[in-house]
Amino acid sequence: ERVALGSTTTGATLLEAGRVRPGGEGTITLIRRSGLATLCEMLRSAGFSLEGQDDPAALMWGKLVINAAINPLTALLRVPNGELLNRPDGRALLAALASETAAVARASGVRLPFEDPVAAAENVARRTAANHSSMFQDLQRGAPTEIDAICGAVVRAGLRTGTATPLNETMWRLVKASVDRDG
């Protein structure tokens, strides 16, 4: 009763253990369930934008579409989220990654929480324009990335559904290659 599935598109920069700097406006989405009224009120009173979602798969895949479209690109290009929208090729890759990931979600029987995956990814990049994605921050620190759980997960789901994922596979391999120190 004390645990609920949720996600956020709010950007943040890790300054040190337990300290972050806000990196742009976003939304916190929680699975609707009883017992969360107090938490929801606390988040709203703290100024967070809050939404409810009934479908856990839609929540997770919606976040995955956004992360697959933004995180590997910002990490590899070493740019803040919003810069992807200022570069025609970056914007085209963001759009293609969002579309490819959304196609895998649909093939997996998931109804995404938005109609247009490209517009959703662009909106998050715009609202968190100055933020460095968590994957970019991980590469800067030499820390493990979430690439296996983002693009790698899309590739694995694509294999299960017979959906082609060439862009996600390329991003997956490029990020892994950029941190592969063992040869």
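The values are calculated or read from the model by the stated rules, or taken from the named source; none is laboratory data. Everything quoted here is computed from the prediction, not taken from an experiment. Note that we place each Cβ from the backbone using ideal geometry, even for glycine, and neighbour counts take in every protein chain shown. Note: accessible area is taken over every heavy atom of the protein model, side chains too, but ligands, DNA and RNA are not part of it. Shrake-Rupley method; radii C 1.70, N 1.55, O 1.52, S 1.80 Å.
Can ALA37 be described as open to solvent by 30 Å² or more (accessible area, probe 1.4 Å), more than 28 Å from ARG156 (Cβ to Cβ) and without any contact (Cβ under 8 Å) to a residue 12 or more places away in the chain? Yes; evaluated as a whole, the condition is true for this residue. The lone criterion from (1) over 29 Å from LEU93 (Cα atoms); (2) of a type outside the set (Asp, Glu); (3) open to solvent by 70 Å² or more (accessible area, probe 1.4 Å); (4) not in a helix (DSSP H, G or I) left unmet by GLY47 is number (3). Per the conditions (1) open to solvent by 70 Å² or more (accessible area, probe 1.4 Å); (2) in contact with a Gly (Cβ under 7 Å, 6 or more places away or on another chain), the sole criterion not satisfied by ASN131 is (1). If I ask for residues that are open to solvent by 70 Å² or more (accessible area, probe 1.4 Å), closer than 15 Å to ALA68 by Cα and part of a helix (DSSP H, G or I), which ones from the stretch 143-165 would you list? Scanning the stretch 143-165 gives a single hit, ARG156. Looking at PHE136, PHE114, just one residue is assigned to a helix (DSSP H, G or I), touching a helix residue (DSSP H, G or I) at 6+ places or on another chain (Cβ under 8 Å) and of a type in the set (Phe, Trp, Tyr), and that residue is PHE136.
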